[in-house]
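Data first, discussion second: the structure below is written as structure tokens.
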Amino acid sequence: MASASSSDGVAGRIRNASLVLVSDNTSTIADIRKAVTMMKNIAVQLEKENQTEKVASYSGLRFSVSPIKSVKDIENSVAELLDLCGECAHRSSAIQSVANGYQPGEQLTDFKMLLDDEFRKLKATTSSVPQNDHLMRQFREAVWNVHHAGEPMPGEDEEDIVMTSTQCPLLNMTCPVSGKPLTELAEPVRSVECRHVYDKAAIMHYIANNQNAKCPIAGCRGRLQNNKVVCDPMLKYEIEEMRSMNKQTNRTEVIEDFTDLVDED
């Protein structure tokens, strides 16, 4: 009994430590996203003014970008930052997965090996973070629209403009178990394997009551395990973006309705 209690205590401390590490990673990801937004604004301004040098002010600090000779250089730097952001996201998912599945044994645990193995598996199954692809797209689109607003970027057509302007990296809009919209979930989690999103309490209850549980999304064969369903660092950002998109859509619909009423008068 005492041994079981001790094991639970160790596992609990590991999970708590993982929360601290993930929190630090989340802060890093937030800083990277802010930097990408700042760089996008600088690139747009450079494109407007056709300048090769610019000094920008952000959050009370001065950022000199004079070594950057073109918008393309900024784009390359953004790509590097987003790659780093993806690495942080995969590391956080690996940390959560290892911590949630950890059970003390007789031998010392090689956490570095466990984390590295889990990280490699995640990178193999999800080569890129969808949200990062979306941010890269937004950067290129913002620069392109300076001189070509309303025109398709090279290699795409008008239909692509509609699809990418409303594109969201989330695979499902509601939890398949609770039925709640993702924007209303207090604790959203995502499957490491199939990338579908759920209400944490609902999916954990579902897993506990279904041996060899599979994703409840119709047609999905993803397997579900407690330690493979996590709140990765990008998830809350993606849900917040969905909220913003929904608000923008609602405002547009209100304006259209008002316009119809005016026309009738």
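The values are calculated or read from the model by the stated rules, or taken from the named source; none is laboratory data. What you see is a predicted model; the values in this text were computed from it and never measured. Positions of Cβ are generated from backbone atoms using ideal geometry, with glycine treated the same way; all protein chains shown enter the neighbour counts. SASA here: full protein model, heavy atoms, side chains in, ligands and nucleic acids out. Shrake-Rupley method; radii C 1.70, N 1.55, O 1.52, S 1.80 Å.
Numbers for the structure displayed
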{"quantity": "Count - residues of the stretch 191-235 that are under 16 Å from LYS121 (Cβ atoms), part of a strand (DSSP E or B) and within 17 Å of the chain's Cα centre (by Cα)", "calculated": "3"}
{"quantity": "Failed criterion for VAL143 (all others in (1) touching a residue at least 24 places away in the same chain (Cβ under 8 Å); (2) surrounded by fewer than 14 Cβ atoms within 10 Å (Cβ to Cβ) hold)", "calculated": "(2)"}
{"quantity": "Qualifying residue in the stretch 174-190 (condition: modelled with pLDDT of 85 or more, in a helix (DSSP H, G or I) and of a type in the set (Ser, Thr, Tyr))", "calculated": "yes"}
{"quantity": "Residue in the stretch 154-168 that is in contact with a helix residue (DSSP H, G or I) (Cβ under 6 Å, 6 or more places away or on another chain), within 19 Å of ARG195 (Cβ to Cβ), at pLDDT below 75 and not in a helix (DSSP H, G or I) present", "calculated": "yes"}
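Residues are listed down the side, and each one gets a yes or a no for (1) modelled with pLDDT of 85 or more; (2) touching a helix residue (DSSP H, G or I) at 6+ places or on another chain (Cβ under 6 Å); (3) open to solvent by less than 40 Å² (accessible area, probe 1.4 Å):
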{"residue": "ALA2", "(1), (2), (3)": "no, no, no"}
{"residue": "ILE14", "(1), (2), (3)": "yes, yes, no"}
{"residue": "SER23", "(1), (2), (3)": "no, no, no"}
{"residue": "ILE42", "(1), (2), (3)": "yes, no, yes"}
{"residue": "ASN50", "(1), (2), (3)": "no, no, no"}
{"residue": "ARG62", "(1), (2), (3)": "no, no, no"}
{"residue": "ILE74", "(1), (2), (3)": "yes, yes, yes"}
{"residue": "VAL78", "(1), (2), (3)": "yes, yes, yes"}
{"residue": "ASP83", "(1), (2), (3)": "yes, no, no"}
